[in-house]
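Worksheet for the structure shown next.
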Amino acid sequence: MKLYQIVAKDVMRRKRRVLYAALGVVIGTMTVVGILTMAFAGQARIYKQLEQYGPNLTVIPAINNLDMKLGNLSMGTLTVGDNYIPQSQVPAIRQIADSNIREVMKIDDQGDIATIAPQLYENTKVNGVSVVVVGVDPEPERLVKSWWNVGKGNYIDGPDDVLVGSMTAELLKLNVGDTVMLNNSPLKIAGILDETGSSDDYQIFAPLASVQKAFDKDGMVSSLDIRALCNSCPVETIADSINKNVPGVRAVAVKQIAKSEMGLVDKMSNLMLALGGITLAVGLFGVVNTMMSSVHERIKDIGIMRAVGASRNQIIKVFIYEALVIGVLGGIVGYLLGTALAYAIGPLVFEGTTISFVPQYFPLALGVSIVVAVAATIYPAIRASQIRVADSFRSV
Amino acid sequence: MLEINNVTKIYGEGTARVVALDRVSLKVEDGDFIAIMGPSGSGKSTFLNIIGGLDRLTSGEVMLDGHRIDNLGENELVDIRRGKIAYVFQQYHLLPSLTAMENVLLPLIFCGNGADEQKVKTILARVGLGKRAEHKPSQLSGGEQQRVAIARALVSGPSLILADEPTGNMDQKTGNEILELFKELNKEGRSILMVTHSADIAKQAKHIITLQDGQIISKAALQLVR
């Protein structure tokens, strides 16, 4: 028989009182867990949406336009530098991107991480109309342009397949199976893209090698889209690093939208967490209150324990043990109710978000509620330990 | 073993000032059995509480085995309660959620010397409750509850037992049984200070002191045939 067993027996005798005290903890923990679970689901949803923004980085040739001026008279601009990036620089760029991501994400895998989609833009005439043909690497291109939807026909599958933007197809009256001539190379239309609302609608996409060959641009690309598959990927660092180490190119991070979007989510999560914190604090006062009255109602028991040899610390221990019971109880119930709460109102807050169980919040809920229960008990417990034995008997 | 010198206890201040004990002195020898009598409010219980360190005195001193105990800190008082002085109360003061056995175990648990259930069983048998060890206080009669309380007082092996009207809530027959138990404990060499209202009970002690208005008005040595 140990002290905690005595406390356990006492708790069993005063079930209602203990449950009442636990209620304060439950409400606080429930709110925090509910909010976190909702924020988690909301974040996951926004991350998913962010992926649809496409590449995180764009690498383009470093072209400098120099204004030519004579006094106040403009003589036009002089373009310095190449309009193309040699494809031979892709491995160096990949190396920079991957090593940065590995470092941040602590990945040991030596395989490719970032998706790199090269593009070669060329002007050409199809059926007498000027269009832009884009040479792409079909697989990474598809990953980067996740919003692409091939409405008719199929995606690029062979060296002679081309994909046509919806407007181009409409304007040039092109259909799946038609042949288009790209600088005298005949290619077959494999598919037509659904409308995207972007410049893609006006372009024709063909395998990179075929375009390079047709336009005599072997080993050349116009730009590279880089997509890192993580949202915390250090795109700015990667861009800096590429700019420093790879000559003749300019890397631009395209994360501004993502950033403001995430900032909003963070602000909202913080606001909700503050709400949860306040609820927790209110719960704390509730528990302090119940513990105070619990002390009051047990003044006589405390006197008895003191009279038969309990030290002050042992009296405090009795109350701390009780707080642990309340904390564990409150943590379990609070977690369950908090998750249920998130299920109930999460879809209303983040439209159409599916809430999922977040098991890692369970230890958190347990920890929070135990800390709250113990913190709320310390003051009443110290008060309890200071009651003079004779006074405790007199009061009853 | 116990010496009480000029102990005064004052409750409250100003007009609410009550002198509960007024310069009381008393000497208790080893193995003594003193009955403390007096009308209600005469300071009997206060006297007992101060001796045992359950209450603080206003002035004077209490010596136990040659050491002052009235000015001890809480932790040192705990040590005294864990082996030298034990209490028996009129209201029994048992923890209602615990069985008789567990109530008696309580001092051992607080003491930290391991809960020796065998020892508790022996003591419960000694006070005549061998078969009721697993009963809760609510399932026991008043006399039985007081036996549990006495067993609890005995378990830490005190040399002085302070009993505050231990038979106050009992009929005469039960009261006498409890008194017999105290007499046996006294024969074993334990000193006993017992507050009582009953002259019949008091007569069976070795000494009687009578308190009135916070002062000892008489001390009598009883040489009765026991």
Legend entry - Helix-only [θ]222 nm of chain A, DSSP H runs n ≥ 4, -39500 (n - 2.57) each, per residue, nearest 500: -18500 deg cm²/dmol
Legend entry - Rounded tilt (10° steps) of A:256-297 against the dominant C-alpha axis of chain A: 10
Inset, instruction - Work out from phi, with θ = phi - 60° and the Karplus expression 6.51 cos²θ - 1.76 cosθ + 1.60, the ³J(HN,Hα) of each residue of the stretch A:234-250, listed in order in whole Hz, and give x for Gly and Pro. - result: x, 4, 5, 4, 4, 4, 4, 4, 5, 4, 6, 9, 10, x, x, 10, 10
Inset, instruction - Pop the C-beta distance of B:A16 and B:K121 into the FRET formula with R0 = 35 Å and round what comes out to the nearest 0.05. - result: 0.10
Legend entry - Percentage of interatomic Cα-Cα distances in chain B larger than 28 Å: 29
Legend entry - Max mean-square fluctuation residue, GNM over chain A, Cα-Cα springs under 10 Å, options A:D108, A:D98, A:D240: A:D108
Legend entry - Length released on extending from A:Y379 to A:N83, taking residue separation times 0.36 nm less the Cα-Cα span: 99.2 nm
Legend entry - Rg/Rg_globular for the stretch A:57-253, with Rg_globular taken as 2.2 N^0.38 Å and Rg from C-alpha atoms: 1.14
Inset, instruction - Tabulate in residue order the Karplus-calculated ³J(HN,Hα) for the stretch B:23-31, using 6.51 cos²θ - 1.76 cosθ + 1.60 with θ = phi - 60°, rounded to whole Hz; enter x for Gly and Pro. - result: 6, 8, 10, 7, 10, 10, 7, 4, x
Inset, instruction - May I ask for the distance between the Cα centers of the stretch A:265-312 and the stretch B:11-61, given as a whole number of Å? - result: 38
Legend entry - Among the listed pairs A:K2/B:K187; A:K9/B:K183; B:K121/B:K173; A:K2/B:K206; A:K106/A:K217; B:K9/B:K136, those beyond 31 Å (Cα-Cα): A:K2/B:K187; A:K9/B:K183; A:K2/B:K206; A:K106/A:K217; B:K9/B:K136
Inset, instruction - Before anything else, pin down the relative contact order of the stretch A:57-253: Cα pairs under 8 Å, at least 6 apart, normalised by residue count, whole percent. - result: 32
Legend entry - Residue-wise HN-Hα coupling along the stretch A:99-108, computed from phi with Karplus coefficients 6.51, -1.76, 1.60 (Hz; x: Gly, Pro): 5, 5, 5, 4, 5, 5, 8, 6, 9, 9
Inset, instruction - Subtracting the Cα-Cα distance from 0.36 nm times the residue separation, let me have the gained length for A:N184 to A:S99 in nm, one decimal. - result: 26.4 nm
Legend entry - Mean residue ellipticity (222 nm) of chain B, computed from DSSP H runs ≥ 4 via -39,500 (n - 2.57), nearest 500: -9500 deg cm²/dmol
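Every read-out reported here was derived from the displayed coordinates using simple, explicitly stated rules and does not represent laboratory data. The model shown is predicted, which means the values in this text are computed figures rather than measured ones. Virtual Cβ from ideal backbone geometry, glycine too; neighbours counted across all protein chains shown.
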